[in-house]
1. Applying the selection to the stretch B:321-345, what residues are over 22 Å from A:I302 (Cα atoms) and without any contact (Cβ under 8 Å) to a residue 40 or more places away in the chain?
2. Touching a strand residue (DSSP E or B) at 6+ places or on another chain (Cβ under 8 Å) and not in a loop (DSSP other than H, G, I, E, B): is that true of B:E323 in this structure?
3. Give the residues of the stretch B:33-61 that are more than 11 Å from every other protein chain (Cβ to nearest Cβ) and in a loop (DSSP other than H, G, I, E, B), sorted by residue number.
4. Could you tell me whether any residue of the stretch A:269-278 is within 22 Å of B:Q288 (Cα to Cα), within 7 Å of chain B (Cβ to nearest Cβ) and at pLDDT 85 or above?
5. I'm told A:S170 meets every condition in (1) among the small types (G, A, S); (2) at pLDDT 80 or above; (3) under 30 Å from A:L267 (Cα atoms) except one. Can you identify the failing condition by its number?
6. Please verify whether A:A50 is of a type in the set (A, V, I, L, M, F, W, C), more than 7 Å from chain B (Cβ to nearest Cβ) and surrounded by fewer than 16 Cβ atoms within 10 Å (Cβ to Cβ), treating the condition exactly as stated.
7. Please determine whether any residue of the stretch A:89-109 is at the interface with chain B (Cβ under 7 Å from one of its Cβ atoms) and polar (S, T, N, Q).
Amino acid sequence: MKRFIGFIRKEFYHIFRDTRSLFILFGMPIAQVMLFGFAITNEINNVDIAVFDKSKDATTQEIINKIASSKYFSNKQFITNEAEIESVFKKGKIKAVLVFEKDFSQKLIKESVADVQIITDATDPNTANTVNNYISSILQKYGQEINKDIKTPYKIIPESRMVYNPELKSVFMFVPGVMTVILMLVSAMMTSISITREKEMGTMEILLVSPIKPFQVIIGKVFPYIFLSIINAVVIILLSIFIFKMPIEGSLFLLGFESILFIINALSLGILISTMSSTQQTAMMISLMGLMLPVILLSGFIFPIASMPMPLQIISHIIPAKWFIIILKAIMLKGVGLSYIWKETLIILGMTIFYIILSVKKYKIRLE
Amino acid sequence: MKTILYIIQKEFKQIFRNKGMLPIIFVLPLLQLVILSNAATFEIQNIKFSYIDNDKTSLSRELVDKFNASTYFNVLTDFSSEKEATSAMLQGDVDVILEIPQYFERDLLKDKKTSLSVIINAIDGATAGVENVYINQIVQDFNKKAQVSLFQPEDLKLLPKNIASIPSFWYNKTLNYKTFMVPGILVLLVTMITLFLSGMNIVREKEIGTLEQMNVTPIKKHQFIIGKLFPFWVIGFALLTIGLIISKVIFNTPIVGSLGLIYFYTAFYLLVILGMGLFISNFTDTQQQAMFIAWFFVVIFILMSGLFTPIESMPQWAQYLTEFNPVKYFVEVMRMVMLKGAGIAEITPLFLKTIFYALVMNALAVWSYKKTN
């Protein structure tokens, strides 16, 4: 036990001696949370549109004003012929063009139907779809306004209630995601080079001839980083409460416990990578290249998992970050207790144990 | 010139000697390109839908059938009480609960008006908004049908005025998100690989101690830097080429514009990234530090590139920041040239910015590299 404590002390020294890394380690996550918390949103705001108004009458003018005055769109230019549509799209700034047909008002009065064409730049289909939906709903609202006096019979009115996030703030969606991605990647990266570094520096030999057991080496390597990561987690949670006004509906204690569990999970994944690679370069490339995009894309951080094709939904099960995001949202926004998230907790715990056992097995006690 | 060739030769040998690295450089990114491009969609499907039917009439059943028939909704369960339903929502099993009130059918026939209550899990606000739109559409459809079948002569009034909006999605009629994501993710992968490799390169020699040996040789600063960066420039092109072939063969991504233009642009783009990597390498003492810093920038570049979330939605100050994001330029160029068929004239502003960026980055890199400590 005394030996083990000595080993842990050595690890602490190693870490605290490198003040530059420490500075990077604590500074970066804060900068990223601040940046992403404010900047990442999948709502649309201030999208530039152009208008091709073949009719130029009072009604079209009114509709254009309605759209331009909404916070979603700003009307940037009027165009006068078909060919211009192509050229404004090619320049790239304008995302949608509204085309009013000829004699719009008259048609609306005489035939009681008039057409608006919404042409969207669908090279980004996700944005195009949203833009299209927003414009149609503004048009629909306008349609209801002009039909105020006509009462349609037999009407079923759905009354929707948005629960857990009534104002539909996208911060509530992205802050847990950002927190998860940063904790996962920083933690895994830290430990992924810990053992390879000793291999590359030649100090591994000394460790191997010492009476410390593989199990102890691995625990000893993870241990100091748990502290560093907890500090990171606390800072991120504080930022999300005080800067992004995330509610913590559930228990703060449970949130802390789950965060520590997730941190240990990410750290042991890093150790596993470390035992499997021979150089620091390989280890870091695996933890960076191998983890970054899968964690961002398959965790439900930005894109809803339920919409993905079946095989990807299955792959997403092995991403620990996915489960942690579910847990975070459940505690912070739904305010549930452990009885609702024990499954997710067990999965993360199981993965952690699996990584540690595999690392101990993969840990070679002989040099090659 | 000969010296540079020798350094290049040495670098290539070092890269290809490390058998563990080759699959990471070539297989891992391309595998991710194939798999992850499928993940990035906001198209909402398979919504976890449940209902509470307090009316249990033919009309209420008909309404539920409507949801059943829609491809958007995945009708999971029917709960007998609101309590059960909310508990399932807390558990995360359902995201939408439709509650049909008692006397739903009777009220509709008698009062010609009735309401439904819908509860939507709105943690993901954007998804919740779309779900709400879908629900409204289905109910409105149902309304129209009900109006037709229940219509009575005395209800006949003026026809409502109707503004018909006709959507038309250019360059990507079927809204296939993969044509957008595949080139975008390819850009990310090429950037990550080249930045990480170049960022680690010189600092690795520093850490192992071989940089000193290089410094005492008569190799000039510029020879050394060109020799160091050239191999990664080649690797970047190789990745791009394989990636483009994959996107054509597997995803059938259209390539409307000129491939030559894409390569021409990439030549300068890679210089930005490599210069940046070298700059990081010069400023750090260990590979760990270099990687952390490279990681820091890559995450920012990825999330603020406009690939996953639109740049226009960001606050103004963040939009200004994205001007410093080379990945944003590359994503935009790929999108414009490959999907819209833009030519050199349209991408000139982006091109000039990239060249300027490359000049600045490489000047910084050369300036910060010192042969003596």
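1. Answer for the stretch B:321-345, where residues must be over 22 Å from A:I302 (Cα atoms) and without any contact (Cβ under 8 Å) to a residue 40 or more places away in the chain: B:E323, B:F324, B:A345.
2. Details: touching a strand residue (DSSP E or B) at 6+ places or on another chain (Cβ under 8 Å): no; not in a loop (DSSP other than H, G, I, E, B): yes.
Taking the combined requirement at face value, the residue does not satisfy it.
3. Answer for the stretch B:33-61, where residues must be more than 11 Å from every other protein chain (Cβ to nearest Cβ) and in a loop (DSSP other than H, G, I, E, B): B:N54, B:D55, B:K56, B:T57.
4. The answer is yes, given that some residue of the stretch A:269-278 is within 22 Å of B:Q288 (Cα to Cα), within 7 Å of chain B (Cβ to nearest Cβ) and at pLDDT 85 or above.
5. Of the numbered conditions (1) among the small types (G, A, S); (2) at pLDDT 80 or above; (3) under 30 Å from A:L267 (Cα atoms), the odd one out for A:S170 is (2).
6. no
7. No, every residue in the stretch A:89-109 fails to be at the interface with chain B (Cβ under 7 Å from one of its Cβ atoms) and polar (S, T, N, Q).
Residue-wise test of (1) closer than 28 Å to A:K343 by Cα; (2) surrounded by 21 or more Cβ atoms within 10 Å (Cβ to Cβ); (3) within 14 Å of another protein chain (Cβ to nearest Cβ); (4) aromatic (F, W, Y).
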residue	(1), (2), (3), (4)
A:T180	yes, yes, yes, no
A:E205	no, no, no, no
A:L208	no, no, no, no
A:F215	yes, no, no, yes
A:Y225	yes, yes, yes, yes
A:G250	yes, yes, yes, no
A:F262	yes, yes, no, yes
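The values are calculated or read from the model by the stated rules, or taken from the named source; none is laboratory data. These numbers were taken from a predicted model, which means no experiment stands behind them. Please note: Cβ atoms are built from the backbone with ideal geometry, for glycine as well, and neighbour counts cover all protein chains shown.
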